[in-house]
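Report on the structure given below.
The values are calculated or read from the model by the stated rules, or taken from the named source; none is laboratory data. If you're wondering where the values come from, they're calculated on a predicted model, not measured in any experiment. No Cβ is skipped: glycine too gets one built from the backbone with ideal geometry, and neighbour counts run over all protein chains shown. Just so you know, the surface numbers come from the protein's heavy atoms only, side chains and all, with ligands and any DNA or RNA stripped out. Shrake-Rupley method; radii C 1.70, N 1.55, O 1.52, S 1.80 Å.
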Amino acid sequence: MSWGTELWDQFDNLEKHTQWGIDVLEKFIKFVKERTEIELSYAKQLRNLSKKYQPKKNSKEEEEYRYTSARAFLATLNEMNDYAGQHEVISENMTSLITGELTRYVQELKQERKSHFHDGRKAQQHIETCWKQLEASKRRFERDCKEADRAQQYFEKMDADINVTKADVEKARQQAQLRHQMAEDSKAEYSSTLQKFNSEQHDHYYTHIPHIFQKIQEMEERRIVRIGESMKTFAEVDRQVIPIIGKCLDEITKAAESIDHKNDSQLVIEAFKSGFEPPGDVDFEDFTQPMKRTVSESSLSNSRADGKSEPKFGGKSKGKLWPFIKKNKGAGPEDFSNLPPEQRRKKLQQKVDELNRDIQKEMDQRDALTKMKDVYIKNPQMGDAASVDHRLAELGQNIEKLRLEVQKFEAWLAEVEGRLSMRSEARRQSGLYEAQNTSAVNSCAQDRESPDGSYTEEQSQETEMKVPATDFDDEFDDEEPLPTIGTCKALYTFEGQNEGTISVAEGEMLYVIEEDKGDGWTRIRRNEDEEGYVPTSYVEVYLDKNAKDS
């Protein structure tokens with residue numbers, strides 16, 4: 001199967017076909033280029049996506065990654081970044097192994113094809129030239145034969161004419177012989193040219209053209225093999241990264257399996273536990289005791305006028321069961337007294353640990369400088385020992401300051417931990433006491449919970465209020481406001497954003513209705529409708545003398 005023998009007369013079609021083959025190769029190169037661009041774009045989008053959801057440093061988001069589910073998500077983001085890197089590898093390998101190589105090969109192929117078809121055209125032109133020479137020799141032979149024939153006929157005519165002189169006859173005879181000789185020469189030349197043409201034509205169609213077409217066939221077959229190899233490389237480049245992509249996906253699966261819901265639940269408790277206790281049961285106050293046994297139903301309004309009313313907890317209630325304290329927008333006090341007890345303990349412990357780490361760093365620096373000083377003392381040529389004294393003194397002062405800070409925060413921490421333990425013990429004892437005295441419902445003091453969960457007793461008459469004789473509407477009226485026991489001045493601005501707290505502005509004067517019971521909160525009032533708790537450290541309290549005595 002050879003193009004030279006089978007397609008000896010299809011020069012133009014072979015030229016078109018080989019050009020089509022080069023076009024296919026260039027189309028494949030363009031396809032691979034666009035694939036690499038897609039891979040790069042995809043990798044870039046994946047990297048941007050991973051970066052977009054990465055936690056910002058020193059932000060609240062960073063704290064959230066202590067949960068196993070959030071850490072698993074972070075691991076997924078990191079693996080997706082590596083996943084994107086593999087698509088960049090695909091793009092790079094396809095560019096170097098396919099696009100670059102094939103582009104160079106196409107240039108070489110074009111040059112080779114041009115050379116082969118140039119040789120083919122040259123051979124074609126040569127045989128056409130030989131053919132033209134044959135045709136010219138043939139026409140010349142034909143012409144000379146006709147001329148010789150005419151010269152012979154003229155001679156015979158002259159020879160037969162009696163009126164023509166002998167000289168004219170001789171001249172005609174010589175002319176006929178000359179033309180006959182020219183015809184013989186033309187015949188010999190034509191014969192020689194024909195033999196030469198036949199030889200050239202045989203070589204052209206059985207040697208030169210088959211040889212050229214064979215080279216073109218080999219060139220085309222190499223192109224076909226090359227594009228097939230490139231397609232295999234196209235698949236192999238992709239296949240090479242599959243194990244790494246698989247590892248990325250395995251790591252994502254592993255991260256998902258590492259999620260511990262119980263651990264995350266415990267972290268939520270540690271993060272948000274306030275240390276408060278839920279409010280206790282509200283005691284029943286029997287308003288029927290003061291009523292006479294013989295009163296009729298019509299005396300209801302009178303009994304309502306003389307009776308005492310239980311403060312309601314729905315609607316516009318002044319006293320809240322307990323406030324849920326959030327972190328202030330501004331900087332809170334140094335001792336974190338604005339936080340619930342458990343959160344305050346946690347913050348103080350973190351501060352102590354942080355200060356201890358700072359002390360260790362300073363001590364490490366001091367030890368290093370001390371060793372350096374010893375080296376300078378033993379080897380003065382290496383440096384001046386006195387040059388480090390100033391820095392050693394600074395480090396000593398820093399360590400001393402940090403130790404004082406640690407003592408201060410440890411004292412606050414011990415105070416909070418002691419208060420929490422005392423409070424829990426007191427609640428256990430209180431629970432036993434209340435279980436033994438459940439019969440004394442009407443005479444017991446009403447419990448009211450302060451922000452830290454401790455209970456303060458108030459005499460029942462302090463919470464009693466006159467109930468106006470109005471139509472009964474199935475709801476209790478507003479409770480009587482607590483009496484003021486002094487005034488206070490806000491030292492700082494406090495934004496009360498939670499239930500039970502109240503916002504105050506720096507320098508504002510307000511009324512005190514309940515002093516700090518040891519939980520770090522003071523209850524104040526601005527007017528009839530506005531009262532709540534503020535951190536005691538935020539206000540300066542001036543209690544009335546009578547209130548102190550009572």
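Here are some notes:
- Once region 502-550 is narrowed to residues that are open to solvent by 20 Å² or more (accessible area, probe 1.4 Å) and within 45 Å of the chain's Cα centre (by Cα), the residue that is nearest to residue 415 (Cα to Cα) is 537.
- Number of residues in region 112-162 that are among the β-branched types (Val, Ile, Thr) and part of a helix (DSSP H, G or I): the value is 2.
- Of all the residues in region 356-376, those that are within 41 Å of the chain's Cα centre (by Cα), of a type outside the set (S, T, N, Q) and open to solvent by 60 Å² or more (accessible area, probe 1.4 Å) number 3.
- Pairing each residue of region 158-176 that is within 26 Å of residue 144 (Cβ to Cβ) with any residue that is not in a helix (DSSP H, G or I), provided the two are 6+ apart or on different chains, yields C-beta distances under 9 Å for 158/164; 168/161; 169/161; 172/164.
- The requirement of being open to solvent by 50 Å² or more (accessible area, probe 1.4 Å), of a type in the set (Lys, Arg), free of Cβ contacts under 8 Å to residues at least 24 places away in the same chain and farther than 30 Å from residue 118 by Cβ is fulfilled nowhere in region 180-202; no residue meets it.
- Pairs are defined by a Cβ separation below 9 Å, a sequence spacing of at least 6 or placement on different chains, a first member in region 145-156 that is closer than 17 Å to residue 189 by Cα, and a second member that is open to solvent by less than 80 Å² (accessible area, probe 1.4 Å) and of a type in the set (A, V, I, L, M, F, W, C); the pairs so defined are 145/183; 146/183; 147/182; 147/183; 148/176; 148/182; 148/183.
- Filter result for residue 65 (open to solvent by less than 40 Å² (accessible area, probe 1.4 Å), among the aromatic types (Phe, Trp, Tyr) and within 16 Å of the chain's Cα centre (by Cα)): yes
- Sole residue being in contact with a helix residue (DSSP H, G or I) (Cβ under 6 Å, 6 or more places away or on another chain), open to solvent by less than 70 Å² (accessible area, probe 1.4 Å), basic (Lys, Arg) and touching a residue at least 12 places away in the same chain (Cβ under 8 Å), chosen from 346, 351: 351
- Any hit, region 51-61, residues being without any contact (Cβ under 8 Å) to a residue 12 or more places away in the chain and touching a Pro at 6+ places or on another chain (Cβ under 9 Å): yes
- Filtering 150, 143, 173 for residues that are over 30 Å from residue 124 (Cα atoms) and at pLDDT 90 or above leaves a single hit, 150.
- Among residues that are at negative phi, modelled with pLDDT under 95 and open to solvent by 30 Å² or more (accessible area, probe 1.4 Å), residue 11 is included.
- Identity of the residue in region 203-226, open to solvent by 20 Å² or more (accessible area, probe 1.4 Å) and under 30 Å from residue 39 (Cβ atoms), that ends up farthest from the chain's Cα centre (by Cα): 222
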